[in-house]
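Down below is the structure, laid out as structure tokens.
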Amino acid sequence: MRTRYIAAAAVLVGAGLVPGAAAAEEPGVPASAVVEEGATEVVLPTGERVAITPDGVLEVEGGAYSVGRNTDGERLVTPLHAVGEVAVGEYDAELFNVDDPGGEEPEPEPEPEPNVTLTGAWLDGSAPEMMGVAWAEVGTTREGGPEYFEGGSVEFALEPGRYHVVTFMFKGVEGDEADVIASIQEIRVGTKPAELFVDGKKAKPLGFDLDREAVSGNFQLDVFSYPPDVQEGDGAYLGFWAAPGGDLYAVPTGRLTGGNDVGYVVREGLTSPSGAADPYSYSLFRHGERGFRGDLTPAVHDEDLARIDADYQTLGANGEFTRQDLPEYPGYDAGFYTSTGKVALPSSRTEFVSADEDLSWAHRAYFPYEGGPESAWDRVHHRSGVLEAGSVQDMTWNNAPLSVGIDNIGQPWPPATFVRWDQYELLYFAPWMFSSSANGEGVMSEYLPGKITVFQGGEVLAQNSKIGVAVGLDEVAAGELTLSAATEREAPWTPLGIRSEAEWTFDYDPEGNPVLPVSVVEFAASGVVNGYAEAGTVQDIQLEFAQQPGADDQDCAAMTFEVSYDDGESWTEVAVDREGDTAAARLDLPEDASFVSVRFTAADEAGNTVTHETIRSYGLS
């Protein structure tokens with residue numbers, strides 16, 4: 001899939017394999033979207049930046065964007081304020097391609113005589129400021145759009161046939177709160193001119209009717225008509241993403257024929273009004289079939305949703321981070337995470353999410369960072385999966401102690417932190433150097449400076465100055481591999497985790513399981529709250545030999561644990577009571593220390609080993 005290709009390229013650039021693309025600049029010619037050096041960010045010709053996360057999801061800072069797909073399924077992300085320039089030909093829509101950026105503006109093709117007139121009217125009968133249009137011939141893969149037009153009337157050409165036409169009408173396109181009216185209609189085109197009218201006077205509000213007052217943080221709307229056995233790029237598709245966004249409406253759909261998958265998906269993140277005594281949020285998802293039908297703003301009661309009681313701790317420093325959720329529904333990939341706003345640390349919040357047997361949830365938060373896309377920053381991950389209506393779960397965020405981790409908390413891209421990535425003929429390594437293993441949490445540090453090296457037989461196969469490295473499969477023989485990683489940082493959001501080091505030795509089988517046989521020692525320490533435990537107390541420690549999820553099962557053969565109270569200047573071995581893959585220990589925490597640092601070793605019965613340490617894993621107060 002092309003939408004995954006650029007995401008993978010971004011990951012590989014971070015691993016030091018692929019150079020960043022450079023922008024071709026010619027006087028008087030609009031620059032196309034280009035990949036910034038560092039390659040997880042695309043700069044649109046209008047200057048906005050669109051980040052592409054490792055799983056292919058897009059991130060923007062705010063504003064309003066129209067999203068379409070070209071015939072290859074690549075996403076065209078156009079700021080709403082620029083659709084006018086697209087409409088009059090100052091920009092070609094392809095210049096906003098974020099999945100294959102840097103291409104040249106396509107040569108104009110001769111335009112056939114128009115035979116279809118599309119007219120749109122707003123809620124009050126006036127003309128919209130702008131219209132976006134995509135169409136698909138029913139029962140075929142012939143399609144077109146997105147195209148943008150100024151005003152409320154446009155002529156274009158279609159070959160004879162029966163078409164589903166997706167339209168968006170806009171008002172307020174220069175701001176972040178543009179209003180949108182969406183529609184899906186059918187038109188037959190023959191030998192005579194055809195007309196299609198989108199009557200905004202019939203439009204109804206599109207969204208959710210909630211039990212509580214809530215403020216929309218952002219929403220994403222996808223409207224489509226896909227042929228049977230759809231492939232990306234086939235069919236008619238228009239998308240819209242806005243933060244915070246304006247009012248959303250849809251014109252009820254009339255009669256449709258053919259076997260296309262016609263419908264819409266709306267995702268919205270909402271929060272309680274500012275200053276609410278008991279904060280709450282909603283992350284909502286709805287999939288509508290056969291176009292816009294029935295109640296477009298159905299009542300959604302709290303009791304029909306899943307509830308998460310979220311406890312937001314600090315990692316030793318008060319502050320805030322931004323919460324996001326990703327609803328994953330088969331066949332309808334989300335282009336963006338849904339944001340539920342900034343959350344104060346520490347705090348608590350009641351969070352409601354849509355519940356459906358086919359809907360799975362991933363959750364994350366990111367700390368603020370400065371210095372642009374190549375600055376180091378942390379993303380905190382949780383996953384709740386499929387949830388039942390009425391279910392309640394607790395979720396604690398920012399769980400110290402910090403340590404080295406290899407569990408990517410179900411992130412699909414890359415498929416694992418240590419993996420033989422057959423699709424790209426690579427071995428890929430990206431340990432999470434300041435992660436958390438408590439309460440199902442993991443912490444991924446982006447653009448983390450340091451040194452990571454792959455060795456075999458005493459020779460260096462690959463090395464990178466940021467934590468993440470890859471090496472071609474043709475450069476690696478079967479046998480033992482060693483990976484070492486070391487990093488230091490000063491993070492404004494935490495005094496914890498200032499240095500981590502790790503080394504793994506493991507057997508590599510080119511024909512075996514692509515999830516490689518590596519492990520860490522995960523641990524939980526009693527009494528740690530907001531990153532700190534009480535000095536001068538006795539602390540219970542629980543240890544677990546943890547393999548990378550998906551790896552072939554191996555039993556723990558050995559485990560050691562050391563502790564330091566002087567940032568690694570000296571270490572003391574701690575007795576552990578191990579039974580199988582788990583062990584217990586106790587620490588007599590000193591009165592005069594400020595931080596606890598930890599070091600572990602482990603080996604499995606196949607001879608694979610790990611050593612890892614983290615300086616300032618948690619604090620003492």
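The values are calculated or read from the model by the stated rules, or taken from the named source; none is laboratory data. Worth saying up front: this structure is predicted, and the values here are computed from it rather than measured. Cβ atoms come from the backbone with ideal geometry, glycine included; neighbour counts cover every protein chain shown. Note: areas computed on protein heavy atoms with side chains; ligands, DNA, RNA excluded. Shrake-Rupley method; radii C 1.70, N 1.55, O 1.52, S 1.80 Å.
Here are the numbers for the structure shown:
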{"item": "Selected residue [under 22 Å from Ala317 (Cα atoms), among the hydrophobic types (A, V, I, L, M, F, W, C) and at pLDDT below 95] from Ala491, Ala525, Ala533", "result": "Ala491"}
{"item": "Residues located in the stretch 453-482, provided they are more than 20 Å from Phe367 (Cα to Cα), touching a Pro at 6+ places or on another chain (Cβ under 8 Å) and assigned to a strand (DSSP E or B)", "result": "Ser465"}
{"item": "Selection count, the stretch 497-517, where residues are outside any strand (DSSP E or B) and in contact with a Ser or Thr (Cβ under 7 Å, 6 or more places away or on another chain)", "result": "1"}
{"item": "Failed condition for Glu320, given (1) in contact (Cβ under 8 Å) with a residue 60 or more places away in the chain; (2) open to solvent by 20 Å² or more (accessible area, probe 1.4 Å)", "result": "(1)"}
{"item": "Residues located in the stretch 393-449, provided they are among the small types (Gly, Ala, Ser) and either within 17 Å of Gln547 (Cα to Cα) or open to solvent by less than 10 Å² (accessible area, probe 1.4 Å) (or both)", "result": "Ser403, Gly405, Gly410, Ala416, Ala430, Ser435, Ser436, Ser437, Ala438, Gly440, Gly442"}
{"item": "Any hit, the stretch 150-172, residues being in contact (Cβ under 8 Å) with a residue 12 or more places away in the chain, open to solvent by 50 Å² or more (accessible area, probe 1.4 Å) and in contact with a helix residue (DSSP H, G or I) (Cβ under 6 Å, 6 or more places away or on another chain)", "result": "yes"}
{"item": "Every pair of residues 6+ apart whose Cβ atoms lie under 8 Å, when the first sits in the stretch 420-445 and is without any contact (Cβ under 8 Å) to a residue 60 or more places away in the chain while the second is open to solvent by 20 Å² or more (accessible area, probe 1.4 Å) and of a type in the set (Asp, Glu)", "result": "Glu425/Asp474; Trp432/Asp407; Ser435/Asp407"}
{"item": "Some residue of the stretch 121-129 being in a strand (DSSP E or B), modelled with pLDDT of 95 or more and surrounded by 15 or more Cβ atoms within 10 Å (Cβ to Cβ)", "result": "yes"}
{"item": "Residue count, the stretch 190-220 (criterion: under 24 Å from the mean Cα position of the chain (by Cα) and assigned to a strand (DSSP E or B))", "result": "6"}
{"item": "Scan of the stretch 198-248 for residues that are over 25 Å from Ser283 (Cβ atoms) and among the basic types (Lys, Arg), ordered by number", "result": "Lys201, Lys202"}
{"item": "Enumerated strands (runs of 3 or more DSSP E) restricted to the stretch 529-579, each holding at least 1 residues that are within 33 Å of the chain's Cα centre (by Cα) and under 20 Å from Ser500 (Cα atoms)", "result": "538-547"}
{"item": "Test: residue in the stretch 221-231 that is assigned to a loop (DSSP other than H, G, I, E, B) and hydrophobic (A, V, I, L, M, F, W, C)", "result": "yes"}
